[in-house]
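Structure first, commentary second.
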Amino acid sequence: MRVITVCSLEQSYGSLKAVDGVSFEIPRGQTLGLLGPNGAGKSTTIHALIGLLKPDRGEVRVMGGDPWHAETRRSIGIAPQSLSLYEELTGYENLSFFARTFGLSGGRLRDRVGWSLKFAGLEDRARHRVDTYSGGMKRRLNIAVALVHQPSVLLLDEPTVGVDPQSRNHIFESIAELKNEGLTILYTTHYMEEAARLCDRIAIMDRGKLLALDSVAALIRQHGCASQIVAEIESTPSDVQLPGQLIEGRIQFACDRPLEEVARLSALGVQFQSLQIKGPDLESVFLMLTGRSLRD
Amino acid sequence: MHVVHLALKDLKLLFRNRMAAFFILGFPVMMGLFFGMMMSGMSSGKRGKMEIAVIDQDNSRISARFIEALRKNENINVIADELEHAKESVRKAQRTGLLVIPNGFGETAGFMWELQPEIELGMDPSRSAEGAMLQGFIMQATGELIGERFNHPQDFLPHISKAKEALMTSNTDNLLMKQVGGAFFDSLSHMIESADKWQRQAGTNPDNQPTSMHFANVKSLDISRHIDPSSAEAQTKKIRTRWDISFPQAMLWGVLGSIAGFSASIARERTSGTLVRLQSSPLSRMHIMLGKALACFLAVILVISVMLVIGLFLGMRPTSFTKLAAASGCTAICFVGIMLTISVLGKTEQGVEGVGWSINMVMAMLGGCMIPVMFMPAVFQKLSVFSPIRWSILSIEGAIWRDFSWSELALPFTIMLVVGIVGFGIGTSILVRRTTV
Ligand SMILES: Nc1ncnc2c1ncn2[C@@H]1O[C@H](COP(=O)(O)OP(=O)(O)O)[C@@H](O)[C@H]1O
Ligand SMILES: [Mg+2]
């Protein structure tokens, strides 16, 4: 069953076409990564999925329903890109308020709020105001609020922006756990390592368009170019021509068979101080597809 | 999810924001106390005695007893006077009013079954509120006369024999009634005579007689001192405490603080991203707006109630709590509408706050939050009709000290309700239609 269906979605802000004919589907229990630089149209796509925007063209379906209708939204949990919390309320108050907006009350409300606090690792800070939390704690709470009503679809819009490494790890682990429990997740990010680590499939998006959609391995197979060799050279025989330019004793170049190339250079008498071989990754896939780096 | 939960969340947020809480409660209380203390020079906190000129045209034992009863009343200063001089002094506002005890007053006053002598009462028209109070005092004094009559039962005798004569000479054919009636009056006379004798023997103190009957016939005497009822002098005469003017003003400052806080709160939900969450929940946009409206309504009612409690503590006494409740409700509806309209005039918190306070200040100045409308120059008094605050203050004052009737309250109530409904319509229709977040 397709939990999320986006079909030829077009969404404009005035004359700016933020999303331009995007289509994808997410089957139940899968995690899809929406990878693209800032301004690609990821958040706009998510806003269409929660019924915040009405599509100009095309359609979106969540659990078979139109998110414009209130009932459809019951099954969606969203952690917006910008922290969406009441800073003057405590963590507990935020969770129980948003749980109520989904109709929870009584014992179930208490159970779910307790679960969410545990999920966010905020049990001992539950009664403190959010404006006393660290950036990482707020991020964790932002995700916990998305889960408090036990949705079947989770939309995470750049959940790790501005987070310290420790919190980022916590967030990764908890999302991986949710994934294992069978939650369907849409995960947008402009960090390719995150996408590669968590997602079953990855959609690469740029300037409103979906450029490719597949598993990481397939994407690299199709669009990834050569491996990269980065080496510090100690000495080179004078008659040997290096395959790249030597800058301050360092050389970087691409090649299809890196190990053979290293063996060849070594046989010619090139002495390496350090050697690094990078296989093709999403970064290079993105570079191939757009001609730009992800982190422009 | 109940709209109530949305509203409670907003109230919690509002009162956790110290600045907003200050503008809603702290600042208004300060303004109320400050202006109230300034007001003490204008209208004395403790009302002086009513200076009443009394013209006794009867000069009987009963009229003297009546005047004595009036003198005992702490609220009245009785000054014996001549009619013309008394009228003149009331016209010149030297006396609060005058009272004419007509010739023949002593003959029937205090006999409840007789046509009561007409006491003429003339009041300074600007103090007609006290006139009503004086009428009450006259009733009291007459009540004492009734007691006085019972202290001197023999006074009844001529009346009884007159009544018996009237019955006997009446042209009724009913002989039985005449006989029974005659016998009744005879025995009544007899009883009174013996009671009187018994009372003298026992030496009962006539002053201890309890009085409970109140009956008098008061006729208004027109004192043609013309005072424009819209003048500040005429209006302030009804003021009873120095807080009467400053507290309605203070209530409105609190109302303005509430609407400033709430109109910015919609923008704050937008900038803080919580609006995205609310809109992605199953709540409809109308639902979200109703939550805001209810929260603002409750905040306004709360502010007015807190001011009222402080006012009551200081001695302010509303003439009608029902009317005050109605005025507060209309005020809340009116300003909720204004709040919703202001909230769509900007997209950021700062933007809305800026626009909101400018609108608030204009409404406040024109509407009498700083200088009461009645003390304003004529031009500004005319302009003030465009400020909803004027109508709100007027209705609240109407319930606290102006002693407005429901029909006098109808105009300000209608204006406020219309402003509220129109504002609600404008605000919600724009907010609900806004598609971008
Ligand atoms: N509310 C808005 N009004 C106008 N333009 C917007 C708005 N939101 C986003 N945009 C524009 O739409 C494009 C896509 O934005 P967005 O979906 O937020 O990208 P991403 O989430 O991938 O960074 C950007 O060029 C952005 O400037
Ligand atoms: Mg984004």
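At 0.692 mPa s and 37 °C, plugging the Kirkwood radius over alpha-carbon pairs of the stretch B:324-384 into Stokes-Einstein gives what diffusion coefficient in µm²/s? Each step should come with its number before you reach the end.
On the way: Rh = 13.0 Å.
Estimated via Stokes-Einstein, D reaches 252 µm²/s.
With chain A treated as a Gaussian network of Cα nodes joined by springs under 10 Å, which of A:VAL113, A:VAL262, A:VAL285 yields the largest mean-square fluctuation?
A:VAL262
How many percent of DSSP beta bridges within chain A run antiparallel, rounded to 5?
Values: 35 of 53 bridges.
Among the beta bridges of chain A, antiparallel pairing accounts for roughly 65 percent.
Hey, what's chain A come to in accessible area per residue, 1.4 Å probe, Å²? Don't skip to the answer; put the middle values down first.
Details: 13350 Å² over 296 residues.
So chain A comes to 45 Å² accessible per residue, rounded to a whole number.
At a cut-off of 30 Å², which residues of the stretch A:83-108 become less accessible once all protein chains are present than in their chain alone, using a 1.4 Å probe?
Correct list: A:SER84, A:TYR86, A:GLU88, A:LEU89, A:GLU93, A:PHE97, A:PHE98, A:ARG100, A:THR101, A:PHE102.
Would you mind telling me which residue in A:ILE78, A:ILE171, A:ILE229 has the biggest mean-square fluctuation in a Gaussian network model of chain A, where springs connect alpha carbons within a distance under 10 angstrom?
A:ILE229
Determine the shielding of peptide A:64-70 by partner chains: average, over its residues, the number of Cβ atoms on other chains within 10 angstrom of each Cβ.
Values: counts 0, 0, 0, 1, 0, 1, 5.
Average per residue, whole number: 1.
Mind ranking B:345-352, A:202-209, B:333-340 by how tightly packed they are, going by the mean number of other C-beta atoms within 10 angstrom, highest first? Spell out each step's value before the answer.
Values: B:345-352: 16.1, A:202-209: 21.5, B:333-340: 27.8.
Ranked from most to least packed, the peptides come out as B:333-340, A:202-209, B:345-352.
So, by mean Cβ neighbours within 10 angstrom, what's the order for A:158-168, B:259-269, B:360-370, A:31-41 with the highest one leading? Could the numbers behind the result be given before it?
On the way: A:158-168: 16.4, B:259-269: 25.3, B:360-370: 20.5, A:31-41: 22.5.
Ranking, from highest mean packing down: B:259-269, A:31-41, B:360-370, A:158-168.
Suppose the chain between B:MET139 and B:ALA166 were pulled fully straight at 0.36 nm per residue; how much longer would it get relative to their current alpha carbon spacing?
Working: separation 27, 0.36 × 27 = 9.72 nm, distance 2.96 nm.
Working it through step by step, the gained length comes to 6.8 nm.
Sort A:231-240, A:275-284 for me by packing, meaning the mean count of neighbouring Cβ atoms within 10 Å per residue, highest on top. Display every interim value, and only then the final one.
Details: A:231-240: 12.3, A:275-284: 16.3.
The densest-packed peptide leads the list: A:275-284, A:231-240.
Across peptide B:14-21, what mean number of C-beta atoms from other chains lies inside 10 Å of a residue's C-beta? Working shown, then result.
Details: counts 1, 1, 6, 2, 1, 0, 0, 0.
Mean inter-chain Cβ contacts per residue within 10 Å come to 1.
With a 1.4 Å probe, how much accessible area is buried between chains A and B, both sides summed, in Å² to the nearest hundred? Write down the numbers at each step before the final one.
Working: alone 14500 and 21620 Å², together 33710 Å².
When A and B are taken together, about 2400 Å² of accessible area is lost.
For chain A, what log10 I(q)/I(0) values come out of the Debye formula at q = 0.07, 0.10, 0.12, 0.16 1/Å, with one point per alpha carbon and no solvent?
Debye intensities relative to I(0), on a log10 scale: -0.35, -0.63, -0.82, -1.22.
The values are calculated or read from the model by the stated rules, or taken from the named source; none is laboratory data. Every value quoted in this text rests on a predicted model; they were computed, and no experiment measured them. Ideal geometry is used to build each Cβ from the backbone, glycine not excepted, and the neighbour counts take in all protein chains shown. We work out accessible area using only protein heavy atoms, side chains counted, and drop any ligands, DNA or RNA first. Shrake-Rupley method; radii C 1.70, N 1.55, O 1.52, S 1.80 Å.
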